[in-house]
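The values are calculated or read from the model by the stated rules, or taken from the named source; none is laboratory data. This is a predicted model, so every value here is computed, not measured. Ideal geometry is used to build each Cβ from the backbone, glycine not excepted, and the neighbour counts take in all protein chains shown. Accessible surface is based on the protein model in full, side chains and every heavy atom, while ligands, DNA and RNA are left aside. Shrake-Rupley method; radii C 1.70, N 1.55, O 1.52, S 1.80 Å.
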Amino acid sequence: MLSRKEEVAKEQSDAALQSLREQNLAAIHQLETLPNPFVYYRKFTFADNLRDFMFGIVLVPIRLTIIVFCLVLLGLCSKAAISFGYDPMQPMTWWRRLILTPRPFLTRVLLFCFGVW
């Protein structure tokens, strides 16, 4: 048997626990009604899908062609610069520097086609 004080304390703790449960359930219900900030819900229209499809058909081959062109030119420039008696201990001659001039531009175009910028 519990004494009267123990019964009152038990009833108070049960009431406090019930109140906390109700508060937690209210908080959970409120969280369920809030939109998720990490998910973006958007319905795509037919025009959006058509635009994306056309961009894919037009842009992908153009980008691939430019990527192949830049890679071939970069390879040719580098190969020509280190060929024909290249000596790393000597300063580069004017024509080697001239051959290597388009490399930064071609690299930037290549990165642009990859979607970096």
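Brief remarks follow.
- Nearest-ten-degree value, helix 46-82 long axis tilted from longest Cα axis of the chain: 50
- Within the range 1-84, the chymotrypsin sites (Phe, Trp or Tyr not before Pro) that combine a DSSP coil assignment with at most 16 other C-beta atoms in a 10 angstrom radius are PHE38, TYR40, TYR41, PHE44, PHE84.
- For the range 1-25 and the range 27-82, distance of Cα centres in Å: 59
- Among the trypsin sites (Lys or Arg not before Pro) found in the range 9-117, those both in a DSSP coil and sparsely packed, with 13 or fewer other Cβ atoms within 10 Å of their Cβ, are ARG42, LYS43.
- Entry note, the chain: the mean residue ellipticity at 222 nm calculated from DSSP H runs of n ≥ 4, each adding -39500 (n - 2.57), is -25500 deg cm²/dmol after division by the residues and rounding to the nearest 500.
- Simple rule: put +1 on each Lys or Arg Cβ and -1 on each Asp or Glu Cβ in the chain, find the dipole, and look at LEU98, VAL68, PHE38; the Cα lying farthest toward the positive end is LEU98.
- Label zone at VAL58, where the point sits 7 Å out along the Cα-to-Cβ direction: the range 103-117 residues whose backbone N lies under 20 Å: 112-115
- For the chain: rounded, prolate or oblate by the Cα gyration tensor [a/c cutoff 1.5]: oblate
- Only Lys, Arg, Asp and Glu carry charge here, each on its Cβ (+1 for the first two, -1 for the last two); on that basis the chain has a dipole of about 900 debye about its Cα centre.
- The chain: angle of helix 103-114 to the longest principal axis, Cα-based, in degrees nearest 10: 40
- Accessible area per residue for the chain, computed on protein heavy atoms with a 1.4 Å probe, is 89 Å².
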